[in-house]
1. Might you work out the accessible area of K25 for me, using a 1.4 Å probe with all protein chains in place, and round it to the nearest 10 Å²?
2. Pop the C-beta distance of Y122 and A34 into the FRET formula with R0 = 25 Å and round what comes out to the nearest 0.05.
3. For region 55-101, I need the span (max minus min coordinate) of the C-alpha atoms along each principal axis, in Å, sorted largest to smallest.
4. Using heavy-atom solvent-accessible surface (probe 1.4 Å) with all chains present, what is the largest-first order of H69, H42?
5. How much accessible area does I79 have with a 1.4 Å probe, in Å² rounded to the nearest 10?
6. Kirkwood hydrodynamic radius, computed over distinct alpha-carbon pairs, for region 39-129: how many Å, to one decimal?
7. Would you work out if region 12-68 is rounded, prolate or oblate? Take a ≥ b ≥ c from the square roots of the eigenvalues of the alpha-carbon gyration tensor; rounded if a/c is under 1.5, else prolate when a/b is larger than b/c, oblate otherwise.
8. Want the number for L43 to E22: 0.36 nm per residue separation, take away the alpha-carbon distance, what's left?
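The values are calculated or read from the model by the stated rules, or taken from the named source; none is laboratory data. Given the structure is predicted, the values throughout are model-derived calculations rather than measurements. Counting neighbours? That spans all protein chains shown, and the Cβs are built from the backbone with ideal geometry, glycine included. All accessible areas refer to the heavy atoms of the entire protein, side chains included, with ligands and DNA or RNA removed. Shrake-Rupley method; radii C 1.70, N 1.55, O 1.52, S 1.80 Å.
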Amino acid sequence: MVLKKMGRVAGLMFGSYIESVEFRKAMVTLMVYAVLFGMGYHLNLVFGNDKIAPILDGYAMTSLFAGLHFLSGAMDRTILVGGCLVVLFTLVLRLVISLVVGAIILPFSVTYNIYKVVKNGYLLVKYAV
């Protein structure tokens, strides 16, 4: 009822249609990537004081999130038996693996999410008018 009062475009965008859900997921993912890249760019923690270092820091932070997101289905189902050092070692190993996988996956993920935003945004605008 509230969505009908907001208008047809808002009703389609925030509704439960498949295009709306895919559009929202892709937009949220792209916004998270942009925020993480900005944080890494401005913090400049890892790669020193070169001219390209802030860009690499932003890419590393974004690829860490992309790798964790990509590997979340496979690496969440692990059972650890041991003390604190085993858990710490596993956490560091998981972060390193996520960083390496994320550095490879990130360009494809960004391209695919932009494609989903354009495709589903076009469908939402097309059917709203």
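1. It works out to around 130 Å².
2. Efficiency, from the Cβ-Cβ distance: 0.70.
3. The principal-axis extents, from largest down, are 38, 21, 11 Å.
4. Result of the area sort, largest leading: H42, H69.
5. Per-residue accessible area (I79): approximately 150 Å².
6. So the Kirkwood estimate lands at 15.6 Å.
7. Since a/c reaches 1.5 and a/b is larger than b/c, the shape of region 12-68 is classed as prolate.
8. Result: 4.4 nm gained on full extension.
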